[in-house]
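Worksheet: the structure to be examined is printed underneath.
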Amino acid sequence: MKEKRVYQLMIELDEIQPLIWRRIQVPAEISLFELHFVLQLAMGWTNSHLHEYIIDGHYYSCPDDYEDDFREIRDECDYQLQQVLLDVGTGFSYLYDFGDSWEHNVYLEAILDADDCPSSLACLGGARACPPEDVGGEMGYALFLEAINDPGHPEHEDYLIWIGGDFDPEAFNRGKTDLSIKNFQQSELVRIYQRYNSGEIGPELKLYQAISAWMAGLDETQKHTLRELPLRRDAVTLLTYISDNSISGTQSLGNIPLKVIREIAPRFIQHLHLEKKVGDRVQKIRSTNDVWPIYFLQALYETGGLITGGPGRRFYLTLKGLRFLQSEPAVQVWYLLETWWFHMNWLIASPNSIIGDYLPRDFQFIVLYKLLTLPIDEDVQYQNFAEYLIQKCYLTRPIQKVQHVREFLYWDIELMVINILENFGMLQRFDGELLVDRTKIKRLQSITLTRFGKGLLQMLAGGTN
């Protein structure tokens, strides 16, 4: 019988001084796929980006992530560590986040008998915190540290908001890291991976304390809000219709066909505008893109992995989609909100935006921070709210003093933030009338954060109170 062995590895983050390092022990037979999660936990990353190993000139990762890559990518699931790392003193490169390019040098320090080790999975030591995700690589991290350590730096406050408070580059907790590694198979990183890759539409609530605690704290009014929320009910209606009928995407864009929209319109809680008035003429809509509630739901389904299909192809519910229909209203609402907040480009809600194709990188987090500071059930002037976002996200560069451009930005924020959160029952809006060229037009004047919305925002922020 072959003796079980334990590999002792030294991990060093390249290009950063003073050195950020970890010393860990793992079973020699661990797969490179499993080792990836251990390395993530050891360093403090969040598995939010692609990765690859470079070992003796060969590349190992998940081949499905490299469809257009000219290189041969070996499947990391098929290789054990002991198959690719044979001798003490040798090592390999582990690259994480191809944008920030965090390269880790991993060395084999010792090969030990498993019987001589208290645990085959362990963190023996380390130093310093790994950089924040998406900080911009080595140079971005240096700028980040300079800004947060200097209260007079022009970006000091912005970086503190972005990081969510203080950041200590010297912080490292060996005990906490050791426990995380020992329990890596039950870790949040693995749970999220399984959720998005094995058909799980949401976490098992007993394993995700933030959701279970939130649901346990809902009163009858909030439960009623969840059950009767038009967005949720319409999402279930449309998804059930797709499940029960043979529907194929349009040949050009893969949209839900208009004939389906006309048939399902009477079943929707939200009103579907199938005609639009241009002057004195009434025109029928020509594309699903013109029916926002349907377009929005289809985007949520596709991004959230609830359906498959496409141009000229039939739509089917995935395992996630089937489980979505079987889930409690609270889980359904949370899943749709999480999909929108973290995985979609908000600019789809404002297709004629002057901002461009992409929002500033931290826009969603700045919105979340600002919303969490709002009082519950009290009116807040919308213009003040919008101005905060415009200033914090530098949306006016390089056109700061053009007032009509500012009006367009107010409209963008209303479409992307206010209207969406109103659909989720998180905000209430109050409109007033404005006289423009002797014509009265409605204009958003104030917003109110609901208690229900505050709870969902705290969930988005990580379940904190």
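Results, tabulated for the structure shown:
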item: ³J(HN,Hα) computed for each position of segment 142-148 - Karplus, 6.51 cos²θ - 1.76 cosθ + 1.60, integer Hz, glycine/proline x; result: 4, 5, 4, 5, 4, 6, 6
item: Per-residue SASA entry for M139, accessible area with 1.4 Å probe, Å² rounded to 10; result: 150 Å²
item: With every protein chain in place, segment 1-122: carbon and sulfur % of accessible area (1.4 Å); result: 46 percent
item: Whole-percent carbon and sulfur share, accessible surface of segment 219-269, 1.4 Å; result: 47 percent
item: Length-normalised contact order for the chain - Cα pairs under 8 Å, 6+ apart - percent; result: 11 percent
item: Between helix 32-43 and the chain: long-axis angle, C-alpha atoms, 0 to 90°, nearest 10; result: 80 degrees
item: Solvent-accessible area per residue, Å², over the chain with all protein chains present [probe radius 1.4 Å]; result: 52 Å²
item: Listed residues H51, H58 arranged by accessible area, highest first, probe 1.4 Å; result: H58, H51
item: Solvent accessible area, Å² - H153, 1.4 Å probe, full protein context; result: 40 Å²
item: Protection-proxy order for peptides 36-47, 353-364, each taking the mean of Cβ atoms within 10 Å per residue, highest first; result: 36-47, 353-364
item: Ranked order, F408, F167, F70 - accessible area, probe 1.4 Å, largest first; result: F70, F408, F167
item: Accessible surface ranking that places the most exposed of R262, R74 first, with a 1.4 angstrom probe; result: R262, R74
item: Around D56: net Lys/Arg minus Asp/Glu count, Cβ-Cβ under 15 Å; result: -2
item: Structure-derived log10 I(q)/I(0) by the Debye sum over Cα atoms at q = 0.07, 0.09 Å⁻¹ - corresponding label in (i) -0.35, -0.59; (ii) -0.46, -0.75; (iii) -0.52, -0.74; result: (ii)
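The values are calculated or read from the model by the stated rules, or taken from the named source; none is laboratory data. These numbers were taken from a predicted model, which means no experiment stands behind them. Don't worry about glycine lacking a Cβ; one is built from the backbone with ideal geometry, like all the others, and counts go over all protein chains shown. To get the accessible areas, we keep the full protein, side chains included, count just its heavy atoms, and leave off ligands, DNA and RNA. Shrake-Rupley method; radii C 1.70, N 1.55, O 1.52, S 1.80 Å.
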